[in-house]
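Chemist: Dropping the structure in here first, questions after.
The values are calculated or read from the model by the stated rules, or taken from the named source; none is laboratory data. Predicted model only: the values in this text are computed from it and were never measured. Cβ sites come from the backbone with ideal geometry, for glycine too, and all protein chains shown count toward neighbours. Surface accessibility is based on the protein's heavy atoms, side chains included, excluding ligands, DNA and RNA. Shrake-Rupley method; radii C 1.70, N 1.55, O 1.52, S 1.80 Å.
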Amino acid sequence: PRASDTGGGGGSIGGGGASTGSWAPLAGPTFVRCVFSSPWAPEGPHIVVERALVDTGCSDLELHPSLLRRLPKLPIVASGAMYETSMGGEAYDAFEVLLTIDGRTCAAVVTCTDEGSSDDALVGHMALGALRLAVDSPSRRLVPIPAQPAAAAATPATAGPSGAGSGSMLRAVGPVELASLQAACPFERGGWGSSVNHLEAPRYEATALADEEAASSDRDSGGSRVGLAAPLWLPRNATAVRLEGLAPECAQLVHGAAIPQAVPVTYARVVLASPLAPDGPRVVVEQALVDTGSADCELREGLFRRLWPLPLVARGLVYETVAGRVEHDSYEVLLMVEGRCCAAAVTLAPEERFDESSEDPCTDEAIIGFAALAALRLAVDCSARVLRPLPL
């Protein structure tokens, strides 16, 4: 899911000639100025979106229906094409469109967003790869990819930073990255969240998982509810901070199911641990979806339970998904990618969604969100489908 407060704004009709440039906020995800044109009328009229969300977890482009209707007629790529979304399989009509960003143009596939979407447009993985633009998450901008061979194989995610010590030596070494543009409203237990209506009271009811595990913690620890501990590193959801000092080796590794991925977007090997037990057990997901359109991270419930207890960031947070706004509880987790470590917020993907007979099956056992990518200082190269470490 992506945060409900990352909305872009301002689609308009422009004349002939594509404009260039991008806009990078001080906080929040990456937005970019882009121009949409019909391949049958490349000279215009155009649709100009000043702040399109850059979303590497989305394979194609998306444009708000009110703007898509204002373009000249578009070639039809497919009718009723099935896309895997956060809420299951959804059918969309897909069209061919010309996309121009920073003076570069490509032909790409576009579908329409939901009518209630807060984003006028999404720029997906395939277009970024065709345009050879990498997502520099820390600086919130797109950068040209130089013509060079793909980088060598990534360092295994279990290898910690140079000179890393035991888990008890963890320390924050970077700024807190914020993947949200809207002012936070406080929640209980140190957590923060966004709400569709900020006048309504936040939800404090525990989820079934929290209730179940907290009761277990009560029995096992004589009443100390360690499963509902406050975050150790994060001030709120949609944040992440880089850490050092995590021991690179762990004897207790729990591997995911390695579900085959059918969509050729960017994936990365990730190792996750509880801040309350950084030395293990740890969960390993070989192909975690790299999603700059998601504020926080996500983890399959069965793997999530193997890390319990986790500190609670907030309950009942409202996230915007392709199918509308949904509520999730948010927890603090340690995340390791490319030999770098950060603390990030994670939500839970229900286990039943991974059943092949599910009406809305999910194949992503883990998602690496924007805040974590920014804290880890990793750029997303959609052309080579790899993460490229930036200087620390």
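Chemist: Where does each of 110-122, 257-269 land if you order them by average Cβ count within 10 Å, highest first?
Modeler: Output ranking for 110-122, 257-269: 110-122, 257-269.
Chemist: Rounded, prolate or oblate: which one fits the range 253-330, using the alpha carbon gyration tensor with axes a ≥ b ≥ c (rounded when a/c is under 1.5, else prolate when a/b beats b/c, else oblate)?
Modeler: oblate
Chemist: What value does the range 344-383 have for Rg/Rh, both radii from Cα atoms and Rh as Kirkwood defines it?
Modeler: 1.11
Chemist: Could you pull the Cα extents of the range 284-385 along its three principal axes, largest to smallest, in whole Å?
Modeler: 34, 32, 27
Chemist: Sticking with this structure for a sec: Within the set of other residues whose C-beta is less than 9 Å from the C-beta of ALA172, count the net charge using Lys and Arg as +1 and Asp and Glu as -1.
Modeler: That works out to +1.
Chemist: Using the Karplus equation 6.51 cos²θ - 1.76 cosθ + 1.60 (θ = phi - 60°), what ³J(HN,Hα) coupling, rounded to whole Hz, does each residue of the range 258-273 give in order, writing x for Gly and Pro?
Modeler: 6, 5, x, 9, 9, 9, x, 9, 8, 10, 8, 6, 9, 10, 10, 8
Chemist: I've got another one for you. Roughly to the nearest percent, how much of the accessible area of the range 245-348 is carbon and sulfur, given a 1.4 Å probe?
Modeler: Heavy-atom surface of the range 245-348 belonging to carbon and sulfur, 1.4 Å probe: 52 percent.
Chemist: Continuing with the same structure: By average Cβ neighbour count within 10 Å, what is the ranking of 379-387, 338-346 from highest down?
Modeler: Top of the packing list down: 338-346, 379-387.
Chemist: Kindly rank 132-141, 233-242, 368-377, 37-46 from highest to lowest mean number of other beta carbons found within 10 Å of each residue.
Modeler: Most protected by this proxy first, the peptides run 368-377, 233-242, 132-141, 37-46.
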